[in-house]
1. Based on the Cβ-Cβ distance from residue A:71 to residue A:123, what FRET efficiency comes out when R0 is 30 Å, to the nearest 0.05?
2. If you take every residue apart from residue A:213 with its C-beta less than 15 Å away from the C-beta of residue A:213, what net charge results, scoring Lys and Arg +1 and Asp and Glu -1?
3. May I ask you to list the aspartates and glutamates whose Cα is less than 12 Å away from that of residue A:153, ignoring any residue fewer than eight positions away on the same chain?
4. Work out the length of the dipole vector of the range A:114-222 about its Cα centre, built from +1 on the beta-carbon of each Lys and Arg and -1 on the beta-carbon of each Asp and Glu, and round it to the nearest 20 debye.
5. In whole Å, how far is the Cα centre of the range A:1-36 from that of the range A:70-91?
6. List the lysines whose Cα lies under 30 Å from the Cα of residue A:213, skipping any in the same chain that are fewer than 8 positions away.
7. Testing the spin-label approximation: label points 7 Å from Cα along Cα→Cβ at residue A:56 and residue A:209. State their distance in nm.
8. Under 14 Å from the 7 Å Cα→Cβ point of residue A:114, by amide nitrogen: which residues of the range A:42-63?
Amino acid sequence: MKQFFNKLEELYPWLGWWPITPKNEVTPIYSKSKKILLTNENKFEILVGAILTQNTSWNNVIKAIQNLKKLKILSPENFLNQKKNIVIQAIKSSGYFNQKYKKLFILCEFLEKNSFENLEKYKTIELREKFLGLWGIGKETADSMVLYAFNKKIFVVDTYTRRILSRNKLIEENLEYDEIRILIEKNIPNSLYKYKNYHAAIVEICKTNCKKKPLCDGCVFK
DNA sequence: CGCCAGGGCCTCA
DNA sequence: TGAGGCCATGGC
């Protein structure tokens with residue numbers, strides 16, 4: 001396991017996750033620097049992106065984010081004040097738009113009552129529980145939010161993580177989400193940037209080689 | 001054309 | 001608690 005993550009870091013020293021849209025632009029980009037100060041708009045964009053990308057390719061999410069940016073739907077308040085049809089149209093490319101509209105709506109109502117400043121005071125697990133309590137947010141989405149929008153150390157376990165670890169015989173196939181998460185957290189350094197980058201690297205490798213139908217030629221983990 | 005994508009909810013045993 | 005159905009668009 002430790003060997004696996006060392007190799008991962010060697011391959012991808014820094015992927016710049018989570019992609020954020022720079023001020024006065026509309027397209028999210030990956031950050032060259034590890035330390036960036038997130039504005040509330042940035043944080044909101046990450047939370048929205050985490051929901052929009054559920055079981056959806058990031059390319060489809062980018063278009064939705066671009067539309068939301070152009071419509072200046074950059075805050076919970078603006079989202080809630082915007083007409084449903086307009087928002088649905090904006091996020092259409094990300095698929096499941098009816099469900100996702102509802103999820104975003106519920107998230108925004110939550111954020112109106114709980115400012116980022118207040119949410120940041122919670123401990124990691126407590127903040128996770130807060131998000132998990134919202135309809136439409138499961139463990140992976142909650143953990144993405146906690147890690148990338150709030151810079152709190154929790155490892156994001158997605159289908160890619162389960163796939164690549166089980167293919168490399170580092171975990172049993174039917175291990176539960178939190179069992180995998182805790183196992184990984186025990187085996188990696190206590191570093192926020194590594195938590196982010198290891199997850200990003202797993203996604204990257206699974207997109208290129210360790211696909212559902214694996215391209216085992218040139219696999220670095222052979 | 002079919003498959004897949006940075007999941008989660010609901011239903012029914 | 002586990003399996004199966006459902007949600008939906010766009011790239012390949």
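Every number in this text was worked out from the coordinates using simple rules, so none of it is lab data. Please read all numbers here as calculations on a predicted model, not as lab measurements. Every residue, glycine as well, gets a Cβ built from its backbone with ideal geometry; the counts of neighbours run over all protein chains shown.
1. Calculated value: 0.30.
2. Net local charge, residue A:213 excluded: +4.
3. A:143, A:185
4. Its charge dipole is roughly 360 debye.
5. Result: 28 Å between the Cα centres.
6. A:2, A:7, A:63, A:92, A:100, A:139, A:169, A:186, A:194, A:196, A:222
7. 3.1 nm
8. A:47
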